[in-house]
1. How much accessible area per residue does the range 213-290 have, in Å², with a 1.4 Å probe?
2. Heavy atoms only, probe 1.4 Å: what % of the accessible area of the range 137-278 goes to carbon and sulfur, would you let me know?
3. What number results when the radius of gyration of the range 112-221, computed over Cα atoms, is divided by 2.2 N^0.38 Å?
4. How charged is the neighbourhood of residue 56? Take every other residue with its Cβ under 15 Å from the Cβ of residue 56, and add Lys/Arg as +1 and Asp/Glu as -1.
5. Output needed: percent of Cα pairs per 10 Å distance bin for the range 154-195, bins running from 0 to the one holding the longest distance.
6. Take the alpha carbon atoms of the range 233-294, find their radius of gyration, then divide it by 2.2 N^0.38 Å using N residues; give the quotient.
7. What does the charge count around residue 267 come to, taking other residues whose C-beta lies under 11 Å from its C-beta (Lys +1, Arg +1, Asp -1, Glu -1)?
8. Find out how many positive minus negative residues lie around residue 67, taking Lys and Arg as positive, Asp and Glu as negative, among other residues whose Cβ is under 12 Å from that of residue 67.
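The values are calculated or read from the model by the stated rules, or taken from the named source; none is laboratory data. Because the structure is a prediction, the values reported are computed rather than measured. Note that we place each Cβ from the backbone using ideal geometry, even for glycine, and neighbour counts take in every protein chain shown. Areas reflect the complete protein model, heavy atoms only, side chains present, ligands, DNA and RNA absent. Shrake-Rupley method; radii C 1.70, N 1.55, O 1.52, S 1.80 Å.
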Amino acid sequence: MRDSLHTDLLPALAAFESAARHQNFARAAEELHLTASAVSHHVRKLEDRLGVALFQRHARGVALTAEGRQLADAASNALSDMDHVLGGLKHSRDEDAVVRVTTVHSLAYAWLLPRMPEFTTRHPRIRIHVDTEMALTRFDEGGPDLGIRYGQGPWPGLSAQPLMDDALFPVASARLAGIEHVRDAADVAKLPLIADLSRQGWQDWFRSAGVRGARFEERYSFSDTTGALMAAVQGLGAALAREKIATPYFADGRLIRLPGPIVPTRASYFVVYPAHRRLRPAARLFVDWLLAQRDSASVPPPATQGVAPSRRKVSQQHASAQGDDKPSQ
């Protein structure tokens with residue numbers, strides 16, 4: 001009933017939502033520019049009004065009760081909806097319409113950028129800044145709104161929502177010398193191999209493929225996946241590709257999938273953002289859009305066995321017609 005919620009409880013709900021998000025009264029007080037005792041007073045007021053305990057208080061801090069969790073979820077959703085509506089009513093100043101995203105270069109180049117036109121068509125007023133620096137970005141004030149991270153988590157201080165899993169399989173250019181003799185996973189070990197700095201590499205893949213005791217040579221090594229795949233495009237060797245990264249290279253024929261299993265990666269992609277502050281409306285729109293892309297993943301092409309010399313010749317002509325094959329920086 002509307003009469004059951006008076007306006008004098010709105011500050012108490014705001015204090016409770018912040019305390020629930022931080023699991024800490026002092027941090028909530030800092031965010032709201034209040035004292036910790038004032039936050040505690042607001043929460044007590046809400047508990048007295050509802051007749052239930054919202055937090056379990058102990059020596060090391062506080063933890064939500066089941067009732068507290070239920071109210072925290074509702075309060076967080078309500079405040080996010082209000083932020084979104086208020087942002088629309090004021091038509092977002094330029095600085096409010098910028099979303100800063102951090103991710104790795106390989107994912108930005110191969111997965112994010114091909115999907116971006118859809119988002120910009122839906123939200124033409126929102127500008128996107130993408131940071132692909134190798135260093136792990138800190139989410140300080142003035143830093144990125146959100147990131148796409150590849151790993152297993154958790155990441156302290158960050159909310160993490162699963163985006164998508166990934167898988168590994170070998171790829172190469174159809175013009176790689178000796179590729180016409182590759183019939184199975186054991187034959188892949190005979191090729192010059194290209195590695196990157198991923199924790200899951202060729203040794204893991206050969207083990208999953210059942211290739212025991214094979215001697216293989218990682219002739220080239222790159223700091224990121226894009227470099228390794230571009231080396232494969234140039235015919236330097238076979239690379240171990242991640243499914244979500246390799247799709248554009250199959251689409252234009254620069255790479256083919258070699259025989260062997262598709263091995264699930266131990267790491268996955270997550271959308272992450274600071275747990276201590278709510279996302280701005282534009283960033284919330286971008287996160288929701290990202291999560292909606294989870295079902296739009298491409299399926300790897302079938303493996304190619306023993307590429308014939310005639311196909312290698314066609315691939316060489318295709319490469320010559322393409323000109324400069326380097327990725328954008």
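1. Computed with neighbouring chains in place, this is 37 Å² per residue.
2. Using a 1.4 Å probe with all protein chains present, the range 137-278 comes out at 48 percent carbon and sulfur.
3. 1.50
4. +2
5. Once binned at 10 Å, the Cα pair distances of the range 154-195 give 20, 35, 15, 18, 12, 0.
6. Against the compact-globule rule of thumb, the ratio is 1.63.
7. +2
8. -1
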